[in-house]
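No lab work stands behind these numbers, since they all come straight from the coordinates. Quick caveat, the model's predicted, so the values are computed rather than measured. Here Cβ is always computed from backbone atoms with ideal geometry, including for glycine, and neighbour counts include all displayed protein chains.
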């Protein structure tokens, strides 16, 4: 470690650009089971903010104008957003919840380093719930 290096406390927030704020807000509300905690409006943007139980905030931002290109993990930038869970049983409960609210998902996928449950938002942004082994 480098001496006198400033310290981080973790990820405070992550903001995703969406093509339709109303559609995306409804989707994430179905996923998380609670409404946004706040919103922000500014010149050429509208944002809804979800306060996640972990303390991280997830913002959904619609810019004006915006492109109609869909998300691709193959384009430089973000590959996916991973939400951590505490147990494999919790991960299965998330899979059951996504099924119940009609969100298509991968089912539990095991790897040597943990188990993932992958799905996509309305813009195709890759998301996953993850339990590390």
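As an exercise, take the mean of 1/r over every pair of distinct alpha carbons in the chain, invert it, and state the Kirkwood radius in angstroms.
16.2
Stretched out fully, how many nm does the piece from residue 74 to residue 86 gain, at 0.36 nm a residue minus the Cα gap?
Fully extending the segment from residue 74 to residue 86 adds 1.4 nm.
Quick check: residue separation of residue 111 and residue 133 times 0.36 nm, minus the Cα distance between them. What number comes out in nm?
7.0 nm
Extending each Cα 7 Å along its Cβ direction at residue 40 and residue 54, get the distance between those two points in nm, one decimal.
About 2.0 nm separates the two model spin labels.
Quick check on the stretch 80-133: of the DSSP beta bridges with both residues there, what percent are antiparallel, nearest 5%?
For the stretch 80-133, the DSSP antiparallel bridge percentage is about 75.
Tell me the relative contact order for the chain as a rounded percent, counting alpha carbon contacts under 8 Å between residues six or more apart.
Across the chain, relative contact order equals 22 percent.
So how compact is the stretch 11-66: Cα radius of gyration and Dmax in angstrom?
Considering the stretch 11-66 through its Cα atoms, Rg and Dmax are 10.8, 32 Å.
Go ahead and collect, in residue order, the members of the stretch 56-76 whose backbone nitrogen is under 15 Å from a label point 7 Å along the Cα-Cβ direction of residue 103.
Those under the cut-off are 58-60.
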